[in-house]
Amino acid sequence: MRIVVCDDDRLLLESLARALELKGFMVEAATSTPQEAVAAVRRLRPDVLLIDLGFPEGDGLDAARQVRRDHPETYVVILTASEEPASLLEADKLGLAGYVGKDQRLDAIVEALRRAAQGEGRVDKTLLRRLGGTGGDTSGRTSVLDKLTAQERVVLGCLGDGLSTSEIVARLGISHTTVRSHIQAILVKLGVHSRLQAVAVLRDGDGGRRAVGQ
């Protein structure tokens, strides 16, 4: 897999690039500004851009937005230390392929990159908790969540736990097709457009829906 990495912390950037190469990734460029990252994507057309959110100059979200618009064949994964749910939700609106915290182990970053390239996003459980996702069975929730069937609430709880489609299949013992159907039904019934927004609704029912700008 060919990737471009972007972070303003040069020590972290170089260490991460070396570690990912040892894991079998082809690090085409290690950049330190959003502008450099966008230019590298334009020039190299990598499979994935792994980029931080916060920079002294420039904005990781602006770079992600530009890459998504001009180079949709390149997936974008956010590597972030941000604790602001608003930033994560804004990133989610762009349709990015994954989100992983800087405090996670290398294996979590590797997993996020590989799932992104396969078209199956990953959201770090720590980041989900920052949105207030509680996970587990949501049968006690009221209001907007009452629109969901019992099985859909269980699937939503799995999303709150940060599980991918394949992990939900393994946990519940149902098919990929059934899981995808449940997820699509959840999005439609809650009036949201992504798994992450659905988890924000899980946070506090109608209040969570307002939190994602619906």
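Under the simplified labelling scheme, the residue 166-residue 62 pair shows an inter-label distance of 3.7 nm, with each label point 7 Å from Cα along Cα→Cβ.
Per-residue extension of 0.36 nm, minus the Cα-Cα distance of residue 81 and residue 104, leaves a gain of 7.3 nm for this segment.
Between residue 44 and residue 147, the contour length at 0.36 nm per residue exceeds the Cα-Cα span by 32.5 nm. Residue 168 sits among other residues whose Cβ lies under 10 Å from its own Cβ, and their net charge, with Lys and Arg +1 and Asp and Glu -1, is 0. Taking 26 Å as the limit for the C-alpha separation, the pairs 102/147; 93/189; 102/189 exceed it in the case of 102/147; 102/189. Backbone phi angles across region 175-188, fed through the Karplus curve with coefficients 6.51, -1.76 and 1.60 (θ = phi - 60°), yield HN-Hα couplings of 7, 4, 4, 5, 4, 4, 5, 4, 5, 4, 5, 4, 4, 5 Hz in residue order; Gly and Pro are listed as x.
Coordinate-derived values only; no laboratory data. Since this is a predicted model, take the numbers as computed values, not measurements. Quick reminder, even Gly has a Cβ in these numbers, built from the backbone with ideal geometry, and neighbours come from all protein chains shown.
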